[in-house]
Each structure stands twice: as structure tokens, then as C-alpha cells.
Amino acid sequence: MKPHILLLILCFFASLLAFSDDYDDYATYENENSTHLTRIVTKKYYTQYARWTSPPMVKVCKYAPVSRQEVKEAVEWWEKRGYRFSGVMFGATCLSSSLPGHIIIDIHNQQTFPHNRNDLGTTYTHVRKGTTEIYSASIYLLHAKERVLAHEIGHALGWDHIGKIGHLMNATWSHGGWKDNDLDRKCWLR
């Protein structure tokens, strides 16, 4: 094999290894008919991938498997860390899964459930193309277990999974907890 081809192959594999040090999983979903990008990112380190430019409204759909108290507690948990919401709307009729300026909370539906059958919750964060601006987020819940809604709101606020045992943003429910290292909004805006 020619030396320059071998060098090219080695550089390619080295770049893959460097990329895998920062990311556990990365998938990008684009809707060609709109100006948004949906990103699902899992990183090993504390990081933001996007942010809201103004406080979002939390819209709880009529059939979402959460109580008013669970929503109130999850929103307050994030407010104590410096995040702001423009309000919470309960019992809403949800005709769209993406509404600008809103975090929509709904039950897993036919569209989301087949792809995330074992997930307690799934969040789709919609980011404007070419920016880090979140313009809407959709949370789909299967079960309202302790911490699940607060964890999913974390994704809706732009947080990735954090691979620390006992951390709220740990990807595995059984390995998660209420630790909030670096989730304070002051740290997030660095």
C-alpha cells in the first residue's frame, strides 16, 4: 500500500477515536421543510449544545402522564438553578408536537413510542439551523417516575446526558439521582 494512502487511513481512524472521546452517541435529524434542526446528543462531559433566547412556556397536554404537582416540582427544581419559564399551562389540547417558544409535555404516541420503546421519556429539542438557539422542545413520557420529568426538562433546556452516577442527567434511570453538578445557569452560560 502506498505510504500516503496508509497515512490518510491512519488519520481517518485517529479522528474517529478523538471524536469518540467527546461523544457517546450523536444523531441529527433534519426536517427539510422547516428551519429547525432536531439534535439528540450524548456527551461524557458537562456541556450545553443549545439555549433558549427567551424563557419558554411549559405546555402540559391533556393526556400527559404527569400530575400538576410533578410538573410544578420539576419546573421549580430548574428555577432554583437560575432557569426561567414564562409560565405553565395544564390540560392543553396538543395539536402540534412543536410550537415555537414552548416546551410541550405529552404522552408517548404512535410516532415516538416504536422508536423509543424502553425509554421512560424522550425529548426532541428543536434548534435553529446554523445557531445554538432552541426554539421549541417536545417531551414524550411513558411513565412519570421520580426524576424523569426533571431530567427531560434538562434536555429541553439544552443539556446532554452526563455520565456521572447519581447525576440528574445520567442516561440510565437506575444510575441517576438528584446531583446537579454544573447545571446551574451561571455555569451553563460559560
Residue-ordered couplings for the range 54-62, obtained by feeding phi - 60° into the Karplus form 6.51 cos²θ - 1.76 cosθ + 1.60 and rounding to whole Hz (Gly and Pro as x), are 9, x, x, 8, 8, 10, 9, 5, 3
Short version: ³J(HN,Hα) in whole Hz for each residue of the range 150-158, in order, from phi by Karplus 6.51 cos²θ - 1.76 cosθ + 1.60 (θ = phi - 60°), x for Gly and Pro, what are they?
4, 4, 5, 4, x, 5, 5, 8, x
Under 5 Å, built H, 5+ apart or other chain: amide partners of Gly121
Leu142
Per the C-alpha gyration tensor (a ≥ b ≥ c, the square roots of its eigenvalues), the range 55-160 is rounded if a/c is under 1.5, else prolate if a/b beats b/c, else oblate; here it's rounded
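First check a/c for the range 119-159, with a ≥ b ≥ c the square roots of the eigenvalues of its C-alpha gyration tensor; if it is under 1.5, answer rounded, and if not, answer prolate when a/b is larger than b/c or oblate otherwise.
Values: a/c = 3.85, a/b = 2.43, b/c = 1.58.
Prolate, because a/c is 1.5 or more and a/b exceeds b/c.
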Rounded, prolate or oblate (a/c below 1.5 giving rounded, otherwise prolate when a/b exceeds b/c) for the range 55-94 by Cα gyration tensor:
oblate
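Pairs Lys59/Lys145; Lys62/Lys129; Lys62/Lys179; Lys59/Lys164; Lys72/Lys179; Lys59/Lys80: which are spaced more than 27 Å apart, C-alpha to C-alpha? Don't skip to the end; give the middle numbers.
On the way: Lys59/Lys145 19 Å; Lys62/Lys129 31 Å; Lys62/Lys179 31 Å; Lys59/Lys164 30 Å; Lys72/Lys179 19 Å; Lys59/Lys80 20 Å.
Listed pairs above 27 Å: Lys62/Lys129; Lys62/Lys179; Lys59/Lys164.
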What residues qualify as long-range amide H neighbours of Gly176, i.e. H under 5 Å apart, gap of 5 or more or another chain, H built at 1.01 Å from N?
Gly166
Amide H partners (placed H, <5 Å) of His126, local residues excluded:
Tyr135, Ser136, Ala137, Ser138
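Given the peptides 78-90, 50-62, arrange them by the average over their residues of other C-beta atoms within 10 Å, most packed first. Don't skip to the answer; put the middle values down first.
Details: 78-90: 14.7, 50-62: 18.5.
With the highest mean Cβ count within 10 Å placed first, the list reads 50-62, 78-90.
Only the coordinates and a few stated rules stand behind these numbers; no lab work does. Note that the structure is predicted; figures quoted are calculated from it, not measured. Cβ coordinates were reconstructed from backbone atoms using ideal geometry, including for glycine residues, and neighbour counts include every protein chain displayed.
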